[in-house]
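The values are calculated or read from the model by the stated rules, or taken from the named source; none is laboratory data. Fair warning: this is a prediction, and the values are worked out from it, not measured in the lab. Neighbour counts run over all protein chains shown; Cβ positions are idealised from the backbone, glycine included.
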Amino acid sequence: MGEVSRGARALVLCPNVSGKSYDLDADDRLAEACGLALAIGIELAHSRIVPVRSVKPNTLFGSGQVTDIQTECNLHEIEIVVVDGALSPIQQRNLETALKRKVIDRTGLILEIFGERAATAEGRLQVELAHLDYQQSRLVRSWTHLERQRGGFGFLGGPGETQIEADRRMIRQRMGRLRKELEQVKKTRSLHRARRGRAPWPVVALVGYTNAGKSTLFNRLTGETVIAEDLLFATLDPTMRAIALPALEKVIMSDTVGFISDLPTQLVAAFRATLEEVTTADLILHVRDMANAANSAQKKQVLSVLSDLGISIPNPGEQAEQGEDAIPILEVWNKSDLLDEEERAALIASAEQRSDVILVSALDGEGVDQLLGTVEEALTHSAVEVSVEISAADGKRLAWLYAHGEVLSDADNGTDDNGGPQRLVKVRMNPKEWGQFSTL
């Protein structure tokens with residue numbers, strides 16, 4: 001995308017608009033904006049909160065504030081100004097003109113990060129679609145070549161189509177092609193999900209605010225080496241791996257993109273297919289960074305996104321009362337290694353009061369065994385014990401029971417209708433697995 005140069009010196013500004021409601025307070029929003037800038041390799045030269053009493057349509061900030069920002073830019077040798085908010089195309093152009101520097105807003109910055117990190121073909125398609133959607137809006141009065149025109153065709157004559165119209169048309173065509181490709185990807189993903197649905201293996205989805213430690217926990221649980229850095233949006237593409245638990249032959253763990261407050265609308269739409277993995281999970285692990293002072297606001301944001309995806313959010317400790325279609329959610333209180341003794345003691349006491357919370361450190365492994373035990377219990381709580389009479393010659397069905405259920409006993413049981421030896425197998429399995437066995 002080329003908007004931002006790595007290593008460029010940046011001034012990060014967090015507008016605090018009077019009367020506007022924010023998910024996080026100003027200090028936390030500024031810290032997050034700085035984290036976004038660092039995630040794309042920008043050198044953080046200076047940052048501050050800018051109080052805005054009334055939004056100016058042309059520049060967002062007042063004229064005196066723009067002058068102050070220009071002085072800061074000169075003082076700190078700033079190359080890029082990052083504004084933690086959405087700038088209209090005209091505001092961005094006017095600020096660039098006044099400051100004589102590149103200006104990028106929150107949406108543009110997040111798109112830069114996503115463009116750099118997307119690893120799979122699907123991720124790259126989604127990012128390009130989101131970026132084109134963003135660029136399309138930037139064509140309004142923000143380009144220097146708007147008045148250039150292309151000649152007409154044949155005998156039509158006339159002024160022809162302006163450059164901006166041609167650019168818009170090309171963007172629309174490219175977006176149309178990308179949407180078709182993404183639809184194909186979506187169908188393929190649905191087929192994969194359908195295949196997993198026919199398989200008896202439950203899916204556990206890790207969700208959480210960006211940089212909460214999901215990938216570190218994913219690596220700890222699966223033995224994988226998925227990229228896990230102290231960066232916002234270190235993981236963009238969903239990763240799935242299998243693990244074994246004592247009562248379950250296989251559990252599919254899914255690591256997802258991190259959530260963030262005020263995620264650009266272009267990306268909410270573009271990444272919906274990625275997040276659809278969460279909607280088909282059998283269990284959701286909500287990983288929280290308990291060492292972050294803003295963790296309560298971050299939790300609210302994550303639950304809001306899950307709710308938007310159509311996932312019913314159970315009240316703490318009321319998982320069993322939410323109906324058959326509700327996906328149980330366990331809260332994983334992560335980064336206990338960063339807490340002091342007093343904070344840890346308080347969190348341990350809180351966690352002990354709730355059945356849906358486990359305190360862990362994904363980094364050093366503390367609490368991970370307890371987490372796995374709780375995951376196993378959550379996935380098998382609906383398991384039923386059934387006794388199955390099966391011909392000893394029916395090796396396929398017998399092997400299936402051993403592979404997909406917890407066999408409690410297996411004994412001779414006389415002969416079957418054909419006079420062959422028969423076995424009585426007592427097995428524990430989920431209703432879903434029992435239904436699959438019944439169709440064999």
By residue number, the members of the stretch 345-362 that are touching a Ser or Thr at 6+ places or on another chain (Cβ under 6 Å) and not hydroxyl-bearing (Ser, Thr, Tyr) are ILE358, LEU359, ALA362
Within the stretch 383-400, restricting to residues that are of a type in the set (Asp, Glu) and either in contact with a His (Cβ under 9 Å, 6 or more places away or on another chain) or in a strand (DSSP E or B) (or both), the one that is farthest from ALA345 (Cα to Cα) is GLU389
* Asked: Does ASP369 satisfy the condition of being without any contact (Cβ under 8 Å) to a residue 40 or more places away in the chain, closer than 18 Å to ARG220 by Cβ and in a helix (DSSP H, G or I)?
  -> yes
Result of the Cβ filter at 7 Å on the stretch 113-131, keeping first residues that are over 21 Å from MET170 (Cα atoms) and partners that are among the basic types (Lys, Arg) and surrounded by fewer than 21 Cβ atoms within 10 Å (Cβ to Cβ), at least 6 apart or interchain, is ALA118/ARG124
If we take the stretch 87-186, then helices (runs of 4 or more DSSP H) inside it with 1 or more residues that are at pLDDT 90 or above and loosely packed, with under 15 Cβ neighbours inside 10 Å are 89-99
Condition set buried (at least 16 other Cβ atoms within 10 Å of the Cβ) and assigned to a loop (DSSP other than H, G, I, E, B), scope the stretch 345-365, selection nearest to the chain's Cα centre (by Cα): answer is ALA362
**Message:** Please verify whether GLU342 is within 32 Å of the chain's Cα centre (by Cα) and in contact (Cβ under 8 Å) with a residue 60 or more places away in the chain, treating the condition exactly as stated.
**Reply:** no
Does any residue of the stretch 373-382 turn out to be within 29 Å of ASN334 (Cα to Cα) and in a loop (DSSP other than H, G, I, E, B)? yes
- Query: Do we find that ARG29 is charged (D, E, K, R) and crowded, with 17+ Cβ neighbours inside 10 Å in this structure?
  - Reply: yes
>> Against the condition basic (Lys, Arg) and assigned to a strand (DSSP E or B), how does ARG6 come out, does it pass?
In response: no
Please verify whether the stretch 40-59 includes one or more residues that are surrounded by 20 or more Cβ atoms within 10 Å (Cβ to Cβ), at pLDDT 95 or above and either closer than 28 Å to ARG124 by Cα or aromatic (Phe, Trp, Tyr) (or both). no
Residue count, the stretch 386-425, condition farther than 30 Å from ILE252 by Cα, exposed (fewer than 11 other Cβ atoms within 10 Å of the Cβ) and either among the hydrophobic types (A, V, I, L, M, F, W, C) or touching a Leu at 6+ places or on another chain (Cβ under 7 Å) (or both), comes to 1
Here is a check on your reading of the model: is THR380 modelled with pLDDT of 80 or more and in contact with a Lys or Arg (Cβ under 8 Å, 6 or more places away or on another chain)?
yes
